[in-house]
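Structure first, commentary second.
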Amino acid sequence: MKKIAILGSTGSIGTQTLEVVRSNGDIEVAAIAAAANIRLLEQQIREFSPRICCVWDESRARELSVMVKDTATRIVSGMDGLLEIACMDGYETLVTAVVGMIGIRPTIAAIGAGKDIALANKETLVTAGHLIVPLAKEKGVQLLPVDSEHSAIFQCLNGEQRNKIERILLTASGGPFRGRTREELKHVRLEDALKHPNWSMGRKITVDSSTMVNKGLEVMEARWLFDVSFDEIQVVIQPKSIIHSMVQFQDGAVMAQLGTPDMKLPIQYALYYPERRNLGGERLDFWSLKEIIFEKPDPDTFRGLSLAYEAGRAGGSTPCVFNAANERAVAKFLAQEIPYLEITDIIESAMGHHIRIEEPSLEEILSAEAETYEFIESRWRRD
């Protein structure tokens, strides 16, 4: 019986992870955690009987304690609760499906405790890859990518570890605004940005996909996961999300992983690696597919992608500022406090204001995050 813990169990990746658990029947869920959705957490507790459940919001944790007092699940809260789950005995793999930099400390703690990481929290490697990758190697734990693109690359590299990568071809759908000009994006509404053409995701990551910031974060994550330079990562627009990513080797051969857009495939692959399990659902039909279209990204219109390459190449604390500025800017857009194009304006302004730290410690990363938030609030405070 495989045993896992899930940080972010009520979100898109977390709930789909539990669907994989439910359909296979041989995984025990030792612990779960979420921000505040205690109604869904109660359902998950009653179905999966985790030993511990963490609710980020302390008052909501107290409410949940009353709701599930007839169960054996212990309720904890806040960062202390996440760290307790990360380090607890009795499970092997931590699924990190929380959104944002909140995942850094629990991930580091879990690696220190010898847990494998099924990584869906890309911000962890974006901002602290220089700390996490060496620690994982030191502790002998696996970083198993859950993002569909990084899982695709991981699958393409199976058996190819001795062969040199010439470049990674990281695919992108282009989001809901593919083909539009910057002028045409001036009056984008919130509901338009939340309509992804292929994937069903959370609100924040859906907006990130529309700006191509999400692809920029994936570029930075790929740099750490696969030990390549930014010049060796090329973003390719593939609108139907049929090819999830590719790897080109030094002899010119290109390996690609294809499939229907279904996040349960990379989730299940990470949980059972290197075994492949049967997974129900739609299969790719080449007769109806007929063709696969590729396009170049437009870095002038979708400045989130070009700013991500700039931040990644600068390195140090700059990727942290990029990520933190985007988190706060997207939160403001979701609250309808700023127009759509101001998301990347805020990121660029925050990066320009920041004084880069070459090899930031965890404390310096968290400090850079806080300073970025303070800078943005001082300039874009809601009246």
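The values are calculated or read from the model by the stated rules, or taken from the named source; none is laboratory data. What you see is a predicted model; the values in this text were computed from it and never measured. Please note: Cβ atoms are built from the backbone with ideal geometry, for glycine as well, and neighbour counts cover all protein chains shown.
Condition first: part of a helix (DSSP H, G or I) and at pLDDT below 95. Now tell me which residues in segment 105-124 satisfy that. Passing the criteria: Lys122, Glu123, Thr124. Apart from one condition, Lys137 fits all of (1) in a helix (DSSP H, G or I); (2) among the basic types (Lys, Arg); (3) over 21 Å from Thr301 (Cβ atoms); (4) in contact (Cβ under 8 Å) with a residue 60 or more places away in the chain; the exception is (4).
Residue pairs whose Cβ atoms lie under 7 Å apart, sitting 6 or more positions apart in sequence or on different chains, and linking a residue in segment 53-80 that is under 19 Å from Ala110 (Cα atoms) to a partner that is modelled with pLDDT under 95 and not in a loop (DSSP other than H, G, I, E, B), are Ser77/Glu58; Gly78/Glu58. Of the residues making up segment 273-284, not a single one is touching a helix residue (DSSP H, G or I) at 6+ places or on another chain (Cβ under 9 Å), part of a helix (DSSP H, G or I), modelled with pLDDT of 95 or more and surrounded by 14 or more Cβ atoms within 10 Å (Cβ to Cβ). Restricting segment 156-169 to residues that are in contact (Cβ under 8 Å) with a residue 24 or more places away in the chain and surrounded by fewer than 22 Cβ atoms within 10 Å (Cβ to Cβ) leaves a set whose member that is nearest to Gly304 (Cα to Cα) is Arg167. Count of segment 146-197 residues, restricted to those that are in a strand (DSSP E or B) and closer than 19 Å to Ala253 by Cα, is 7.
May I ask you to verify whether Thr10 is of a type in the set (Ser, Thr, Tyr), part of a helix (DSSP H, G or I), under 20 Å from the mean Cα position of the chain (by Cα) and modelled with pLDDT of 95 or more? For Thr10, the condition - of a type in the set (Ser, Thr, Tyr), part of a helix (DSSP H, G or I), under 20 Å from the mean Cα position of the chain (by Cα) and modelled with pLDDT of 95 or more - is not met. Is at least one residue of segment 289-312 on the phi > 0 side of the Ramachandran plot and without any contact (Cβ under 8 Å) to a residue 24 or more places away in the chain? For segment 289-312, residues on the phi > 0 side of the Ramachandran plot and without any contact (Cβ under 8 Å) to a residue 24 or more places away in the chain: present. Based on what the data block shows, is Ser209 surrounded by 21 or more Cβ atoms within 10 Å (Cβ to Cβ), under 18 Å from Gly174 (Cα atoms), touching a Lys or Arg at 6+ places or on another chain (Cβ under 8 Å) and of a type in the set (Gly, Ala, Ser)? For Ser209, the condition - surrounded by 21 or more Cβ atoms within 10 Å (Cβ to Cβ), under 18 Å from Gly174 (Cα atoms), touching a Lys or Arg at 6+ places or on another chain (Cβ under 8 Å) and of a type in the set (Gly, Ala, Ser) - is met.
Each residue in segment 60-84 was checked for being part of a helix (DSSP H, G or I) and touching a Phe, Trp or Tyr at 6+ places or on another chain (Cβ under 9 Å), and 4 of them qualify. Search segment 108-131 for residues being within 15 Å of the chain's Cα centre (by Cα) and closer than 18 Å to Ser317 by Cβ, and hand back the single one that is surrounded by the fewest Cβ atoms within 10 Å (Cβ to Cβ). Ranking the candidates gives Gly129 first.
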